[in-house]
Amino acid sequence: MAYEENFQQMSDLKYDCLLFDIDDTLYPFSSGLSTLVTNNIQEYMIQKLGIEEDKVQELCLELYKIYGTTMAGLKAVGYDFDYDDFHRFVHGRLPYTTLKPDPILRNIILSLPFRKVVFTNADKAHAAMIIARLGLEGCFEKIISFETLNPNTKTESPVAATETRAIFDICSKPFEVAFEHVFKMTNINPHKTLFFDDSIRNIQTGKRVGLHTVWVGTSHKDEGVDTALEHIHNIREALPELWEATDDKAEEIRSRQKVAIETIA
Ligand SMILES: [Mg+2]
């Protein structure tokens, strides 16, 4: 009976899961990595896809806006390339060593007794590298990356790939279908989950699918934003209820257990 009651107490918590983006969320935009990623994407478009240099910047942005990511857009408008090759080119050359371990963030994450899941559009190797550089290994129960949501994108041959792929075949943020997949595969209840991301598009989709949203990297609020954080380290100041709620509940559960034990004794 006591166990059932304790379980009920835990299920009464407002949140039971934290869902994190990686890039420009777990580390700040000021690291410069995102700018280098954009440069690398544009370099890939020039070198590997033969797109004219003076058209690249505008096309890169347009595809990102329409198709969610530039990579998805390039594929959708007919360019054929290998996803792994793209990821290696775009992320493989990044100066990861500029990112330093972040023990403050590690302590914050580990001190929160909720489930923690990562949801990134980036590839698995990039996600693992960033998490390792920041010293956040072991902080998350699951890392959802490009490969998790797009498991069947290995190309046997360019011809086969062209024949079998449909436009919009890449599953990624900011599309609702990507969030729904993540909820299903990780058994996440969006109404009990706090979602951290630096992209307003992702935040607004997140809000539409029922998540509580935290826009990271700015102190400004916008439509769909529940909480805005200048830096991920500000979680404690901006969302003290995460700790208070758990402390209160934990205390309540502890005292109920004590009463139950004393009664039985
Ligand atoms: Mg991001």
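The values are calculated or read from the model by the stated rules, or taken from the named source; none is laboratory data. Every value quoted in this text rests on a predicted model; they were computed, and no experiment measured them. Please note: Cβ atoms are built from the backbone with ideal geometry, for glycine as well, and neighbour counts cover all protein chains shown.
For (1) closer than 18 Å to Ile170 by Cβ; (2) within 16 Å of the ligand (Cβ to nearest atom); (3) surrounded by 15 or more Cβ atoms within 10 Å (Cβ to Cβ); (4) over 20 Å from the mean Cα position of the chain (by Cα), each residue gets a yes or a no:
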residue: Ala72; (1), (2), (3), (4): yes, yes, yes, no
residue: Tyr79; (1), (2), (3), (4): yes, no, yes, yes
residue: Asp84; (1), (2), (3), (4): yes, no, yes, no
residue: Phe89; (1), (2), (3), (4): yes, no, yes, yes
residue: Ile104; (1), (2), (3), (4): no, no, no, no
residue: Ile109; (1), (2), (3), (4): no, no, yes, no
residue: Val118; (1), (2), (3), (4): no, yes, yes, no
residue: Asp123; (1), (2), (3), (4): yes, yes, yes, no
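Within the range 38-48, track down each residue that is away from the ligand (no atom under 16 Å from the Cβ) and in a helix (DSSP H, G or I).
Asn39, Gln42, Glu43, Tyr44, Met45, Ile46, Gln47 - these are the residues of the range 38-48 that are away from the ligand (no atom under 16 Å from the Cβ) and in a helix (DSSP H, G or I).
If I ask for residues that are β-branched (Val, Ile, Thr) and touching a residue at least 60 places away in the same chain (Cβ under 8 Å), which ones from the range 36-70 would you list?
Answer for the range 36-70, where residues must be β-branched (Val, Ile, Thr) and touching a residue at least 60 places away in the same chain (Cβ under 8 Å): just Thr69.
With (1) surrounded by 23 or more Cβ atoms within 10 Å (Cβ to Cβ); (2) assigned to a helix (DSSP H, G or I); (3) of a type outside the set (Ser, Thr, Tyr) as the list, and Trp215 as the residue in question, which single condition is left unmet?
The one condition Trp215 does not meet is (2).
Given the structure, is Ile131 within 30 Å of Leu242 (Cα to Cα) and among the aliphatic types (A, V, I, L, M)?
In short, yes.
Here's a check for you: in the range 184-208, which residue that is hydrophobic (A, V, I, L, M, F, W, C) and crowded, with 19+ Cβ neighbours inside 10 Å is nearest to Leu105 (Cα to Cα)?
Phe196
For the range 20-37, name all the residues that are more than 8 Å from the ligand (Cβ to nearest atom) and either within 16 Å of Ile232 (Cα to Cα) or in contact with a Cys (Cβ under 6 Å, 6 or more places away or on another chain) (or both).
Across the range 20-37, the qualifying residues are Phe20, Leu26, Tyr27, Pro28, Phe29, Ser30, Ser31.
Among all residue pairs at least 6 apart or on different chains, which show Cβ distances below 9 Å where the first residue, located in the range 181-202, is over 17 Å from Leu13 (Cα atoms) and the second is of a type in the set (Lys, Arg) and within 16 Å of the ligand (Cβ to nearest atom)?
From residues that are over 17 Å from Leu13 (Cα atoms), the pairs are Asp197/Lys173; Ser199/Lys173; Arg201/Lys65; Arg201/Lys173; Asn202/Lys173.
Could you figure out which of (1) modelled with pLDDT under 95; (2) touching a Pro at 6+ places or on another chain (Cβ under 6 Å) isn't true of Val209?
Status for Val209: all satisfied but (1).
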